[in-house]
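Derivation of every value follows stated rules applied to the coordinates shown; laboratory data play no part. All values reported here derive from a predicted model rather than from experimental measurement. Virtual Cβ from ideal backbone geometry, glycine too; neighbours counted across all protein chains shown.
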Amino acid sequence: MASEAIGSGPSEYEKLGVDAGKKDVREIFKNRVENEYPNAFVNIITDPLNRDYGLTQHMDGDGSKLVQRLLIYSETGDSSVIRGAVDDGLEMNLGDIAASGFVFGTITVTDVVNINALNLPKKVIMNEIGQRFQELMELYRRYGFDIHFLGGETGDLPTQVNSAVFDVAVWARALKKDIIEGNVEPGDKIYGFASDGQAVWEDKYNSGVMSNGLTLGRVGTMSADYEKKYPHLGIHHGKYKIGEKDGLPNDMSVSDALISPTRHWGIFIKILLEKLKKLGLYEDIKGMSLNTGGAVSKISHIGKGITYMKEMPPATELVKLIQRETSESWKAMYKGFNCGVGLDVVVKDKPEIKRVLEEVSEETHIKEYELGKCEKSPDGVNHVIAKTDYGTFDY
């Protein structure tokens, strides 16, 4: 299929004020941020107290996904839907640092909640967040993580925030020999793992939406009536009411599909890395990409001078619905949404590695895809060429 023609104007997502690739931010800070591992997925420095270790710190949140949770709570009175914000905020950090090998050392977690208590029930929200933090710390410890929650900050900002913003920060330490440096080479293979389905630690089916694209997703699908009813929850241009269904898998409503929590990729990655260590194959993993901001193109943040050739599986049903309702271009959709592949793993092309990936897929109930291969970039700059059902896109 020929590449989709894209005009020079902004995407529908950009019209809402969102930069999916964060190009401007990266350009501004690229020479100001300390990073001793430029090809790795996260920024890393040497531990000044023990040079055998590397340190990283990462901060992210659940973006506007919390607004969708608050909309459902406002309509149904079910405050438990707020808890998933902790899954999203936590995993947007733990997944990223895990992709560089930070799963075996100490990890500390803090959070920031900025809230307008004039518009929202602060105590209810904080109770749900606190409960979920406790549950997730226990979950990660069951999988062998040395992880600690140190509390955080709650800001009452009625003149600055209409609803609420939830962010999480993590600090982590790892032996340098465990750091995945992103030394990708031509000939390496690319595998992907599904963002949708139901992992062994999940209690229900996951739509795979993760925590990117939600501004477009909820604004373009949730009923415009909610804009008048809940002005503090922002704009809505869509047609679906809370609980309304439209053929999504596992009989999910559109509103519930939009709040499926980000899969706990940190757990998946730890299981994978432990198996590779045991078999003496750890050095054959070249890099990983959690497909959040930038989505299919996010893998371009690892390695140097590589063209990532990927043949993508069909997009998830939720992504298809969002595209249909918003008329966003498919090239922009694949940059704003993971479209069904939540994690890319780049490995040396060896049958032993493939067997391990298959074993972890079976053990965790997370579907595996063989996406493609790595080639030498013709201009020394990383590229991603994604072949999809809707065109071949060059990022």
Which of 186, 198, 72, positive extreme of dipole for the chain (C-beta unit charges): 186
Rg ratio (alpha-carbon, reference 2.2 N^0.38 Å) - region 12-394: 0.95
What residues have an amide H closer than 5 Å to that of residue 181, excluding those fewer than 5 places away on the same chain, when H is modeled at 1.01 Å from N in the peptide plane? none
So in region 286-392, what percent of DSSP beta bridges are antiparallel if you round to the nearest 5? 70
If the elastic network links every pair of Cα atoms under 10 Å, which of 52, 87, 62 fluctuates the most in the Gaussian network model of the chain? 52
Using +1 on the beta carbon of Lys and Arg, -1 on that of Asp and Glu, and nothing else charged, what's the dipole of region 29-155 about the Cα centre, debye to 20? 200
Positive-end residue, the chain charge dipole about Cα centroid, Cβ charges, pick of 134, 223, 46: 46
Can you tell me what share of the DSSP beta bridges in the chain is antiparallel? A percent to the nearest 5 is fine. 75
Could you tell me the relative contact order of region 12-394? Use alpha-carbon pairs under 8 Å, at least six residues apart, and round to a whole percent. 22
List every residue whose amide H lies under 5 Å from the amide H of residue 373, counting only residues 5 or more places away in sequence or on a different chain, with H placed 1.01 Å from N in the peptide plane. 190, 309
To one decimal place, what Kirkwood hydrodynamic radius in Å is obtained for region 272-335 from all pairs of distinct Cα atoms? 14.3
Compute the distance from the alpha-carbon center of region 179-220 to that of region 266-312, in whole Å. 11
What is the dipole size for region 238-320, taken about its Cα centre, with +1 at each Lys and Arg Cβ and -1 at each Asp and Glu Cβ, in debye to the nearest 20? 300
Region 152-258, relative contact order in percent, only Cα pairs under 8 angstrom and at least six apart counted: 18
Of 112, 33, 219, which has the largest mean-square fluctuation in a 10 Å C-alpha GNM of the chain? 33
At 222 nm, what helix-only mean residue ellipticity would the chain give, in deg cm²/dmol to the nearest 500, using -39500 (n - 2.57) for each DSSP H run of four or more? -9000 deg cm²/dmol
Below 10 angstrom from the Cβ of residue 176, what's the summed charge of the other residues (Lys, Arg +1; Asp, Glu -1)? -3
To the nearest 20 debye, region 12-394 has a Cα-centred charge dipole, built from +1 on Lys and Arg Cβ and -1 on Asp and Glu Cβ, of 300
Reported to two decimal places, what Rg/Rh ratio describes region 276-395 when computed on Cα atoms with Rh from the Kirkwood expression? 0.99
HN-Hα J in Hz across region 309-319 - Karplus 6.51, -1.76, 1.60, θ = phi - 60°, x for Gly and Pro: 9, 10, 9, 7, x, x, 5, 5, 5, 5, 4
Computed ³J(HN,Hα) along region 260-266: with the Karplus parameters 6.51/-1.76/1.60, θ = phi - 60°, integer Hz and x for glycine or proline, the list is 3, x, 4, 4, 7, 5, x
Residue among 98, 295, 315 with the largest mean-square fluctuation in a Gaussian network model of the chain, springs linking Cα atoms under 10 Å: 315
Can you find, among 207, 57, 144, the residue sitting farthest towards the positive end of the charge dipole of the chain, where Lys and Arg contribute +1 and Asp and Glu -1 at Cβ? 57
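Would you mind ranking 175, 233, 120 so that the residue whose beta carbon has the fewest other beta carbons within 10 Å leads the list? Show your work: numbers first, answer last.
Details: 175 14, 233 23, 120 20.
So the residues, fewest neighbours to most, are 175, 120, 233.
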Hey, which lysines would be in cross-link range of residue 15, C-alpha to C-alpha under 19 Å, not counting anything within fewer than 8 residues on its own chain? 23, 65, 331, 335
Normalised radius of gyration for region 29-151, please: alpha carbon Rg relative to 2.2 N^0.38 Å, two decimal places. 1.24
